[in-house]
Amino acid sequence: MSHRLRVTEVVAETADAHSLVLTVPPQLAAAFAYQPGQYLTVLVPQDDGSVARCYSLSSSPHTDIDLKITIKRVRDGHASNWICDHVRTGDELELLPPAGEFTPGSLDDDLLLLAGGSGITPMMAIIKSVLADGNGRLTLVYANRDTPSIIFAAELAELVRRHGDRLTVTHWLDSERGAPDPAALAALVVEARAGTPYVCGPEPFVAVAREALRQAGVPEDRVRVERFELEQVTTMDATLEVELDGQTHRLPWTAGKRMLDVVIEAGLNPPFSCRQGHCGACACRLLSGKVEMLNNEILEEEDFAEGYVLACQSVARSENVSITYY
């Protein structure tokens, strides 16, 4: 169930990244309790309804009273540009409660944090939480185009000043070193001798970071990953036929929308949870047509062989698509 929260402050972090501070009324405190590293789903209005986008919380439940999400503009991205251009102090946003599993098992663990661009957002929540209520040591490698692109630059510098014995920050700037490459990142990983790796950022950065960790000898099953996807997806208008709760529904599917968004906006009640392709709660079976999944962390080859797809990650690749939740 979605709820409306008031924006009490808009913070310009960089030229293309804004943070929104959100106040939670007492009656919604339990619904919006969260863990560091989780995200909120914002229902962004558009001409034919709304589109759901997930934005990580950069606030910490251990240090901050209000919630804070940080949004970076994406070229041709409807949601991020609408938020940055239109949302002002005093406005209300429609949101789903916190979700996501990109959270530390313990604040006492040593962590290696690899972030690219706006991938720093959940890392900030984790860093502030560990430093406030844990004993873990933190090593952050943070990649950006150049110095003006660094989100939370001043806040990170202040945290290092206050907690330099437990927090190390290395900035990787493309303007000085070129784009990150696996070998160079692997050398930093080996030098850090840090703990559990957490990786967050755009898909190209995630791919490089994962390869760097592999080269550094880190087992794949130890790596925690959160991806930030492009908002604008080149797809096609389609018709979606959905078998759900004993009924069949034919729904218009606008190009670029996720299947799950289409079903929810039609007033139906499909199963779902994380919206990130991690949990599998929204899995349905493709009866006909073609879709493309933008991310998948859960389905395996035998699931694909049986026709299963993730509704939260599927976009249309044919004019007619038919699915069932039976």
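The values are calculated or read from the model by the stated rules, or taken from the named source; none is laboratory data. All values derive from a computational prediction rather than experimental measurement. Cβ: placed from backbone, ideal geometry, glycine included. Neighbour counts: every protein chain shown.
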Q) Among the candidates Pro204, Pro197, which residue alone is of a type outside the set (Asp, Glu), surrounded by fewer than 17 Cβ atoms within 10 Å (Cβ to Cβ) and either in contact with a Phe, Trp or Tyr (Cβ under 9 Å, 6 or more places away or on another chain) or under 29 Å from Leu294 (Cα atoms) (or both)? A) Pro204
Q. So is Cys274 under 23 Å from Phe304 (Cα atoms), part of a loop (DSSP other than H, G, I, E, B) and in contact (Cβ under 8 Å) with a residue 24 or more places away in the chain or not?
A. yes
Q | Residue list for segment 252-261, restricted to those being at negative phi, touching a helix residue (DSSP H, G or I) at 6+ places or on another chain (Cβ under 9 Å) and either assigned to a loop (DSSP other than H, G, I, E, B) or crowded, with 20+ Cβ neighbours inside 10 Å (or both) | A | Trp253, Thr254, Lys257, Arg258, Met259, Leu260, Asp261
Q) How many residues are among the hydroxyl-bearing types (Ser, Thr, Tyr) and under 16 Å from Thr63 (Cβ atoms) if we restrict to segment 24-48? A) 1
Q.
Regarding segment 186-198, can at least one residue be identified that is more than 22 Å from Val223 (Cβ to Cβ) and not assigned by TED's automatic domain parsing to the domain that holds Ser56?
A. no
Q. Restricting to segment 294-323, what's the tally of residues that are surrounded by fewer than 15 Cβ atoms within 10 Å (Cβ to Cβ) and part of a strand (DSSP E or B)?
A. 1
**Q.** Qualifying residue in segment 141-155 (condition: under 20 Å from the mean Cα position of the chain (by Cα), outside any loop (DSSP other than H, G, I, E, B), at pLDDT 95 or above and closer than 26 Å to Pro61 by Cβ)
**A.** yes
(Q) Out of everything in segment 283-326 that is more than 25 Å from the chain's Cα centre (by Cα) and of a type in the set (Ser, Thr, Tyr), what residue ends up being modelled with the lowest pLDDT? (A) Tyr326
Q: Could you check Leu268 against (1) farther than 23 Å from Glu94 by Cβ; (2) aliphatic (A, V, I, L, M); (3) surrounded by fewer than 18 Cβ atoms within 10 Å (Cβ to Cβ) and say which number it fails?
A: (1)
**Q.** Hey, Pro98 surrounded by fewer than 21 Cβ atoms within 10 Å (Cβ to Cβ), of a type outside the set (Phe, Trp, Tyr) and touching a Phe, Trp or Tyr at 6+ places or on another chain (Cβ under 7 Å) or not
**A.** yes
Q: Being touching a residue at least 40 places away in the same chain (Cβ under 8 Å) and touching a Leu at 6+ places or on another chain (Cβ under 7 Å) narrows it down to one of Leu167, Leu112, Leu159, so name that one.
A: Leu167
Q | Residue that is at pLDDT below 95 and basic (Lys, Arg), where the choices are Arg6, Arg53 | A | Arg53
Q: Determine if segment 62-79 includes at least one residue that is surrounded by 18 or more Cβ atoms within 10 Å (Cβ to Cβ), hydrophobic (A, V, I, L, M, F, W, C) and either out of contact with any Phe, Trp or Tyr (no Cβ under 8 Å at 6 or more places or on another chain) or assigned to a loop (DSSP other than H, G, I, E, B) (or both).
A: yes
(Q) If the requirement is being out of contact with any Asp or Glu (no Cβ under 9 Å at 6 or more places or on another chain) and either basic (Lys, Arg) or touching a residue at least 60 places away in the same chain (Cβ under 8 Å) (or both), which of these qualifies: Arg145, Arg137, Arg177? (A) Arg177
(Q) So Leu93 ticks every box in (1) surrounded by fewer than 18 Cβ atoms within 10 Å (Cβ to Cβ); (2) farther than 18 Å from Ala125 by Cβ but one. Which box is left unticked? (A) (1)
Q: Within segment 242-250, identify whether any single residue is part of a loop (DSSP other than H, G, I, E, B), over 23 Å from the mean Cα position of the chain (by Cα) and of a type outside the set (S, T, N, Q), and answer yes or no.
A: yes
